[in-house]
Amino acid sequence: MASSEQIAREYYDKGMELIHSTNVELAIDNLNMALSIYEELDDAISYIWTMRGLAIAYGILGYDSKVLQKCLNALNYADKKGIQGAKHLFYTTICDRYMSLGDYDSAINYGKMALQDLEDHGTDFPNEPHSYMVACMNLAYSYLHIRRYPDAENYLKRAREIAKKNDMHHHDLSLSVLSANLHFHIGDEQYVYDHIDELVTFIKSSRITIQDYIQDLRLLIETFCGMKEFAKAEAVATSLESSATISNDVHMKLAAAQLYMMVYKLSGETEKYHNSCVKFAEGTIAVKEAEAAEHLLEMDTAIALSIADTPLDLL
């Protein structure tokens, strides 16, 4: 018979797997089951990792208040348990949300807090080099968007060094797109053309979330549109749309529609922009319908299980 630790781990692993396969609501269910067991076991380390998973999942769904609630609860929990070196996980998550919302000054504040926590206490918690690299990439991304290019270059260089030293490749696209955008902004468009192959032959790593992948594609589109390479920018959106069609992923289809809107707005193609807005509206409806179907199935299953557990004389 499986132990509680094994059962919790299975729920956690399944939840994280579902996050990366974009089945986010089911991921949340699994992570909440893991969280309950870890709380009973008083396994503080696993509890914190699971809270991070939930914060990421709610972020993908765009539930910012729930993201913040999970992060603040986790930060308080870390203080209560005297755990050091874990707060960066939640500072980084908050940083990500501010980046998504376009508040880059706030993103930088939390990005710096994440990196400082890693530098001060990183060895006190089971952290990986990946966390340091992501903190640096977030700062590079945010500094790019407030036009502080020397700072962006500094953090991008640090991220590249960490990736190289630890032979990590799952963020190769992010690093390539950040580099291209930086060189474009400092007037070196030739760099982008010289590295065009690594930019247009992108493949999503299984280790990054769809949210991070979309962020990379948005920055790539910003770069191409800034260079007036609108056909290349459109091809980025088309690639994501093709992937969404193959996987029949309504959330990815909606993200592709947003990328098309971005391209056509920047290119000034009014009719295509309006058509992409209609497509986005249709995609939004499809997502709502898919979510409603999932909720109905969950309700029917819960009721059926409740009836099965009810004594016959009470039915």
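The values are calculated or read from the model by the stated rules, or taken from the named source; none is laboratory data. As the structure is a computational prediction, the values presented were derived from the model and not from experiment. Neighbour counts run over all protein chains shown; Cβ positions are idealised from the backbone, glycine included. Remember, those area values only see protein heavy atoms, side chains included, never the ligands or the DNA or RNA. Shrake-Rupley method; radii C 1.70, N 1.55, O 1.52, S 1.80 Å.
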Worksheet, complete the sentence: Within the set Ser142, Ser176, Ser247, GNM on the chain using Cα springs under 10 Å gives the largest fluctuation to Ser247
Response to the item:
Relative contact order in percent for the chain (Cα pairs under 8 Å, 6+ apart) equals 9 percent
Worksheet item: What part of the accessible area of region 141-226, given as a whole %, is carbon or sulfur when the probe is 1.4 angstrom?
Response: 47 percent
Practice prompt. May I ask for the net charge around Leu54, where only other residues with Cβ less than 10 Å from the Cβ of Leu54 are counted and Lys, Arg are +1 while Asp, Glu are -1?
Written response: +3
Item to complete: Keeping all protein chains in position, work out how much accessible area Met252 exposes to a 1.4 Å probe, and write it in Å² to the nearest 10.
Response: 30 Å²
Worksheet item: Going from most exposed to least, what order do Ile48, Ile56 have by accessible area with a 1.4 Å probe?
Response: Ile56, Ile48
Response to the item:
With x for Gly and Pro, the residue-by-residue ³J(HN,Hα) of region 268-282, computed from phi through the Karplus equation 6.51 cos²θ - 1.76 cosθ + 1.60 at θ = phi - 60° and given in whole Hz, is x, 8, 4, 5, 5, 5, 5, 5, 5, 5, 5, 4, 5, 4, 5
Worksheet item: Tell me, what is the per residue accessible area of the chain in Å², probe radius 1.4 Å?
Response: 52 Å²
Worksheet, complete the sentence: The ³J(HN,Hα) series, computed from each phi in region 241-258 with the Karplus coefficients 6.51, -1.76 and 1.60 at θ = phi - 60°, rounded to the nearest Hz and given as x for glycine or proline, is 4, 5, 4, 5, 5, 4, 8, 6, 9, 5, 5, 5, 4, 5, 5, 4, 4, 5
Worksheet item: At a probe size of 1.4 Å, how large is the accessible area of His169, to the nearest 10 Å²?
Response: 110 Å²
Response to the item:
If unit charges are put on Cβ atoms (+1 for Lys and Arg, -1 for Asp and Glu) and the dipole of the chain is taken about its Cα centre, the option from Tyr91, Ser21, Ser65 lying farthest towards the positive end turns out to be Tyr91
Worksheet entry | Degrees separating the helix 4-20 axis from the principal Cα axis of the chain, which is the longest one | 30 degrees
Fill in: Length-normalised contact order for region 143-260 - Cα pairs under 8 Å, 6+ apart - percent
20 percent
Worksheet item: In square angstrom, rounded to the nearest 10, how much accessible surface does Ile7 have for a 1.4 Å probe?
Response: 60 Å²
